[in-house]
C-alpha cells in the first residue's frame, strides 16, 4: 500500500472511531455499572483488522485512544481506554492470526469486548485499589456478549461493502 | 497485511459459539467467585474513601432518621445518605451518575464506587457479631 493511501485510510478509521465514541457518549449507560458500554469505537478497530490487517488495527486503537483522551481532557479516561483498548486489540489480533479458520469476525469481536471490559476493570483497580471493583466483573462479562455481537455484525456489514473496493 | 488472494467467507463459525459460551461461563464463574468473597452480611459501618484515602466513617444504625454527609471528591462534592442501616449516593459531581443509580447498599464487603469522582463508600463490619460495635462521630 502506498504510504499516502495508508495514512489516509488510517486517518479515516481513527476519525470513524472517534466520532462513534463521541456519539456513544451521548447514550445513557446500559447498566448502572462503570464500563458497561456498547463499544461502538471498536467497530473501527475490527474493520481495520479485517480489511487492512494487524498493524493497522493496532495503530487505529492507539491513536484513537490517545486522541479521544485528549479530546475529553481526562487523564484517567485516557489511561483506562488506552490500557483496555490495547489489551483487547492485542488479543483480537492474536485470535485473528492464530484461529482465523475457526473463529469469524463475530467471535473475535465478542472476545474483544470481554477482554476490553476485564482489562478496564483491572486498570481501574490499579487506580482505586479496592477489590470491591471486581463485584462488577460478572455484569461486565454478560454485557460483553450482546455488545460484542453488535459490534461484530456491524463491522462485518461494513467490511463486506469495503471488500469490493481496492482500498489496500 | 491481509493476503489479497484469500477470499474471506465471513460466515459464522463453530468457534464463535464456543467463544460466546466461554464468555458466559466466565460470567457465571465470576458471579460464583464474587458471591463467595462477600457472604452478604449486613454491614454496620460505611467507610468513605477519596482517591484511596479514608476521609470519613459513618456508623449505620437502624435509625430511620436520614442523615446526609458530603465529601469533596476529585471533580466536586459527593453527597450520600445513611438511613435504616443502608447508604446511598444522593448527589455527585460526576457525569454519568452511575454511583447514584446503584441505589441503596447495606451488604458488608460491597461498595458504592464513583470512579470519575474517585469516591468509594465501602461497607464493612457485621451487624450480627464481631466487627465494629459502634463508632463515635
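None of the figures in this text is laboratory data; all of them are computed from the coordinates on show. Since we're looking at a predicted model, the values are computed, not measured. A quick note on method: Cβ atoms are made from the backbone with ideal geometry, for glycine too, and the neighbour counts reach across all protein chains shown.
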Item to check | Contact order normalised by residue count of region B:45-124, Cα under 8 Å, 6+ apart, percent | outcome: 31
Checklist entry - At a Förster distance of 45 Å, what's the computed FRET efficiency of residue A:67 paired with residue B:62, Cβ-Cβ distance as r, to 0.05? => result 0.30
Checklist entry - Which peptide among A:148-156, A:65-73, B:93-101 comes first, and what is the full order, when sorted by highest mean count of other Cβ atoms within 10 Å? => result A:148-156, B:93-101, A:65-73
Item to check | Most fluctuating residue given options A:52, A:134, A:27, as computed from a GNM of chain A linking Cα atoms under 10 Å | outcome: A:27
Next on the checklist: Can you give me the angle between helix A:137-163 and the longest principal axis of chain A, using Cα atoms only, in degrees from 0 to 90, rounded to the nearest 10?
Outcome noted: 10
Checklist entry - For chain A, what's the relative contact order in percent, using C-alpha pairs closer than 8 Å and at least 6 residues apart? => result 27
Checklist entry - What does the highest-first list of B:63-73, A:40-50, A:122-132, A:11-21 look like by mean Cβ count within 10 Å? => result A:40-50, A:11-21, A:122-132, B:63-73
Item to check | Whole-number percent relative contact order across region A:95-164, with pairs defined as alpha carbons under 8 Å at least 6 apart | outcome: 45
Checklist entry - So how tilted is helix A:54-72 from the main axis of chain A? Cα-based, degrees 0 to 90, rounded to 10. => result 50
Checklist outcome for this item: Taking Cα atoms, the helix A:105-128 axis meets the longest principal axis of chain A at an angle in degrees (rounded to 10) of 40
